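Let me begin by presenting the structure, written as structure tokens, before commenting on it.
Please treat every number below as a calculation from the coordinates, not as lab data. No experiment lies behind these values; they were computed from the predicted model shown. Reconstructed Cβ throughout: ideal geometry from the backbone, glycine too, with neighbour counts over all protein chains shown.
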Amino acid sequence: MRSGTLKWMLVLLSLLVGVILIVQLYWINQVYNFEQKEFNTNVVKSIRGVCEDMKIDDNPGTQLQKLIEKPSPNSFIVRIDSIPSRDTLVNYLYNEFEDFNVFTDCKVAVYDPEHNKYLFQAYVPTAASTQEQANHSYFVNPDLPVLQREFPYIHLFFPHRTQYIIHQLNFWIVTSILLLLVLVGFAASMFYFYRQKFLNEVQKDFVNNFTHEFKTPLAVMKLAAGVLNGSHIAEQPERLKKYSDIIVQQTEHLQTQVDRLLKTARTDQHELPLEKENFVPNNIIKDVLKDMDPLVRQTNTLIEFLPEKNNVSIHADESNIAMIVLNLVENSIKYSRDPHVIISTHTENGYYTISVKDNGIGIEKKYIKQLFKKFFRVPTGNIHNAKGFGLGLNFVKKVVDAHNGKILVNSIPGIGTEFKIILPRN
């Protein structure tokens, strides 16, 4: 399974995890609402029991819902016709709450409309309350706000109603947290697996490219060495020079590739070291093109160099800038059928621009952002149809970033590509 397929699987799994969590939260909310209704129902049942036992309602046939008012989620006001005693009311409430599973404490007060105040207030603990809690002055002498009404009533206030209902949801909350942890662990495992799969593919592609890149020069060198090892080669000076030059060229090519790998390895472990000095980029570009002359001749490449006229100097790392130009020109030749490369330089507003433009196969827009990733190579149907390790542009990006510059890429598939390197002059 390729990492691309695995990536889409991870996206789908992430969506599935999100759906599961949303469903879980929805059910928790539904259970919470159910527990709220259940709590209110149990309180109403307890109130009905108190009214029947204490006979504080002169019209027992009246529907209880008409006698109960809820000014807030935690409060119940029960309309009564006769005033009960404090201790009796507390005792009956305590028993009724126990019978109907209302296991949370309650503050109770009895209101007298003639005096517009509470005749008394009290605290009703639960069976789970400790003696210290039950005797605490905050509960023994509660101070409930007076709610003015034209009739006497019993005011029941449950200060810990929300905490009690949430406590009833402990099972759902714990299972949801466990499910979340399992899903997060699963997602992390899948991401790690995807990462390892991607790295394995990158490593495999790198080894394939490495083998291909070094196998061909070595094979050519072996053939040339075989010819030079012939008994009559000394009698053929032109042939001797030809095959000697071949070995020299291939050796230089291998040396260049090894240097690139070593430079990339060093920049991975440390910040890219810069040895800045003043130099004229036009001169460096001419030197690079001179060194590339064998490749240019071999590939029948047409190169045009359009330098800025004043031979302006910049303060930068000369060898790294030369390596940038070498990489860009090599790529232009590598990905063009009949290579035509235009190199130009110019200055503007304190910046120096080096442009490398070709008539190659171009790059699709979706790949441009990935160009500078290590080992990335634009898919072309055959991994070995173009040489290289996928390290050149990654190195170019590191050099440009180290100089606080930027890279602009313009490309049209089938037409060509232009890389613009913009560097500060100082």
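Around the amide H of HIS315, modelled in the peptide plane, lie the amide H atoms of ASN426, all under 5 Å away and 5 or more residues distant in sequence or on another chain. Using amide H atoms built 1.01 Å from N in the peptide plane, name the residues 5+ places from LYS406, or on other chains, whose amide H lies under 5 Å from its own. Amide H to amide H, under 5 Å and 5 or more residues apart or across chains, LYS406 pairs with ILE422. For segment 11-88, a simple Cβ point-charge model (Lys and Arg +1, Asp and Glu -1, everything else neutral) yields a dipole of about 180 debye relative to the Cα centre. Between LYS37 and MET9, the FRET efficiency estimated from the beta carbon spacing at R0 = 41 angstrom works out to 0.45. In plain terms, the C-alpha convex hull of segment 276-383 casts an average shadow of 8.0 nm² when viewed from every direction.
In straight-distance terms, cross-link reach from LYS242 covers every one of the lysines whose alpha-carbon lies under 28 Å from its own, apart from those fewer than eight places away in the same chain; here that gives LYS215, LYS222, LYS286, LYS290, LYS334, LYS387.
Relative protection proxy for 326-333, 359-366, from highest mean packing down: 326-333, 359-366 (other beta-carbon atoms within 10 angstrom). Each of the peptides 77-89, 111-123 was scored by the mean count of other Cβ atoms within 10 Å over its residues; in descending order, highest first, they stand as 77-89, 111-123.
The alpha-carbon of LYS66 sits under 20 angstrom from the alpha-carbons of these lysines, leaving out residues fewer than 8 places away in its chain: LYS37, LYS45, LYS55.
Only aspartates and glutamates eight or more places from LYS357 in sequence, or on another chain, were considered; those with a Cα closer than 14 Å are GLU304, GLU330, ASP338, GLU418. The listed peptides 233-244, 91-102, ordered by packing as a protection proxy, come out as 91-102, 233-244 (highest mean of other Cβ atoms within 10 Å first).
Report the FRET efficiency, 1/(1 + (r/R0)^6), for LEU240 and LYS365, where r is their Cβ-Cβ distance and R0 is 60 Å, rounded to 0.05. Walk me through the numbers before you get to the answer.
On the way: r = 52 Å, r/R0 = 0.86.
After rounding, the FRET efficiency stands at 0.70.
In this simple spin-label model, placing a label point 7 Å from the Cα along the Cα-to-Cβ direction at both LYS276 and VAL182 gives a separation of 5.8 nm.
Computed extension length for LYS290-ILE422: 45.2 nm, one decimal, from 0.36 nm per residue of separation with the Cα-Cα distance subtracted.
Each label was represented as a point 7 Å from its Cα along the Cα-to-Cβ direction; for ASN404 and GLU308 these points are 1.8 nm apart.
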